[in-house]
Structures are given as structure tokens and as C-alpha cells.
Amino acid sequence: EIVNRSLALIGVILSFPIAILAAVIIKLESSGPVFYRQERVGKDGLRFELMKFRSMYNDAEADGTPVWASSDDDRVTRFGKLIRKVRIDEIPQFWNILKGEMSFIGPRPERPHFVAELTEQIPFYGHRHLVAPGLTGWAQIKYPYGASVEDAREKLQYDLYYIKNQSLALDAIIIFETVKTVLFGIGGR
């Protein structure tokens, strides 16, 4: 836990200039808050408020109905497409790690609406809540962005593999691959 918080603090310090620039551009590009807060399900099914830089137009889900993101999502701003591609939108989640709600590595936390749907449709889906959710994970580096029940089923296999085989070596591989993704913009949506 102290390692996660220490790394998150380093992440906050290193990403601070990028975060300030991103916040300014988000405010200039569209009205609404800089940060987007969304309820997610974490370890042991506990809910928490995940933080992101807002990449969509304000009130993108005004009717309150959660929608899977798609590759050509018209709710995403121009700058939002860029920050999603290089994962800058995820920087505020260092705060979630500092608060102990997330870890650096683990299954990505999902929204309660989708957790309920996926738990009903996919055997063992709830097992991904045995560990803290992560900023990055084995499923994120091994499988493209998921936007359906079938994608969630595939990603679950990677999440369960990680849970069963956690090790420093596997974590090092995940961090190395995540850095490549951030630097080269591979796999973002």
C-alpha cells in the first residue's frame, strides 16, 4: 500500500505540468468542469468516485443512462480524443491511488451499472473484485479497449490470470508495456 501511494505521489509530481496544461485546454475547448467524477466498483465490491480529466462534452450522458464508449464516439471533444489516446485523462486517478481506493496495477474499475450486467452474464466476473482495481493492468495491455459484453468476457480472462499470477516480474512487464502505450498512443480510445 505504501509503495502504491509513494508511486502515486511521484506520478502527481512528474505529471503536474501536463495536468495543468490539460486542465487549461479542457476549459478553453468546452464548457463544464475540468474533472469528471464517476462511480466505480472497487475491491470487495465497494464503490468509490473515480476521477478523470473530462474528455467528453459536458452532459454527454445527460439522461443518466451509462453507454459503452465506442471508437468514433461523437460525445468526445477534439482534445478529449488526444488525451484518451495517450491516457492523459487518467492522471487524476493518482488521487484515487493516494486515497487507497485503487492500486497501480489491477483490473480496471467498472461502473456499477455494467458490473451488475456483467456479473449476471459472465461467470466469475465478480472475482475481479478480490483485488484493488488498477490504473493499468494485464487486460489493458493485452486486449484492446472493451466496449461490449464479449469484450468484457475476454478481458476477464486476463484479469483472472493477473489475480492468480501476481508477481513483481509480471508487474514490471505491465508497467513497461503501459509506458510504451502512453508514449506511443497505442490502444487508446
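Every residue, every condition in (1) in contact with a helix residue (DSSP H, G or I) (Cβ under 7 Å, 6 or more places away or on another chain); (2) more than 12 Å from Leu156 (Cβ to Cβ); (3) not small (Gly, Ala, Ser), yes or no:
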{"position": "Phe79", "(1), (2), (3)": "yes, yes, yes"}
{"position": "Ile97", "(1), (2), (3)": "yes, yes, yes"}
{"position": "Glu101", "(1), (2), (3)": "no, yes, yes"}
{"position": "Ile105", "(1), (2), (3)": "yes, yes, yes"}
{"position": "His113", "(1), (2), (3)": "no, yes, yes"}
{"position": "Thr119", "(1), (2), (3)": "yes, no, yes"}
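Please find, within the range 36-51, the residue that is surrounded by the most Cβ atoms within 10 Å (Cβ to Cβ) out of those that are under 19 Å from Val86 (Cα atoms) and modelled with pLDDT of 95 or more. Show your work before the answer.
Pass one, the range 36-51, residues under 19 Å from Val86 (Cα atoms): 36, 50-51.
Next, from what is left, pick out any that are modelled with pLDDT of 95 or more: 50-51.
Numbers: Leu50: 24, Met51: 20.
Looking at residues that are under 19 Å from Val86 (Cα atoms) and modelled with pLDDT of 95 or more, I get Leu50.
Within the range 163-172, is there a residue that is open to solvent by 80 Å² or more (accessible area, probe 1.4 Å), part of a helix (DSSP H, G or I) and farther than 18 Å from His129 by Cβ? Quick ask: steps written out before the conclusion?
From the range 163-172, those open to solvent by 80 Å² or more (accessible area, probe 1.4 Å) are 164, 166, 168; that's our starting set.
If we keep only those that are part of a helix (DSSP H, G or I) too, we end up with 164, 168.
Then keep just the ones that are farther than 18 Å from His129 by Cβ; that gives 168.
Yes: one or more hits.
Taking Ala147 as the residue in question, decide whether it is assigned to a loop (DSSP other than H, G, I, E, B), more than 22 Å from Asn4 (Cβ to Cβ) and either at pLDDT below 90 or open to solvent by less than 30 Å² (accessible area, probe 1.4 Å) (or both). Can you show your working first?
Numbers: assigned to a loop (DSSP other than H, G, I, E, B): yes; more than 22 Å from Asn4 (Cβ to Cβ): yes; either at pLDDT below 90 or open to solvent by less than 30 Å² (accessible area, probe 1.4 Å) (or both): yes.
Yes.
Which of the residues that make up the range 113-144 are assigned to a loop (DSSP other than H, G, I, E, B) and touching a Gly at 6+ places or on another chain (Cβ under 8 Å)?
Step one: filter the range 113-144 for residues assigned to a loop (DSSP other than H, G, I, E, B), giving 122-124, 131-133, 137, 143-144.
Listed by number, the residues that qualify are Val131, Ala132, Pro133, Gly137, Pro144.
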For Gly106, the lone unmet condition from (1) touching a strand residue (DSSP E or B) at 6+ places or on another chain (Cβ under 8 Å); (2) at positive phi; (3) open to solvent by 50 Å² or more (accessible area, probe 1.4 Å) is (3)
Kindly indicate whether any position in the range 66-88 is open to solvent by less than 60 Å² (accessible area, probe 1.4 Å), of a type in the set (A, V, I, L, M), modelled with pLDDT of 95 or more and within 12 Å of the chain's Cα centre (by Cα). no
So Gly100 fits all but one of (1) at pLDDT 90 or above; (2) more than 18 Å from Leu9 (Cα to Cα); what number is the exception? (2)
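Scanning for something over 15 Å from Arg108 (Cβ atoms) and among the hydrophobic types (A, V, I, L, M, F, W, C), does the range 151-161 turn up at least one residue? Before the answer, list the steps.
Going residue by residue through the range 151-161, those that are over 15 Å from Arg108 (Cβ atoms) are none.
No, the range 151-161 contains no residue that is over 15 Å from Arg108 (Cβ atoms) and among the hydrophobic types (A, V, I, L, M, F, W, C).
The values are calculated or read from the model by the stated rules, or taken from the named source; none is laboratory data. Just so it is clear, the structure is predicted and the values come from calculations on it, not from any experiment. Virtual Cβ from ideal backbone geometry, glycine too; neighbours counted across all protein chains shown. Note: areas computed on protein heavy atoms with side chains; ligands, DNA, RNA excluded. Shrake-Rupley method; radii C 1.70, N 1.55, O 1.52, S 1.80 Å.
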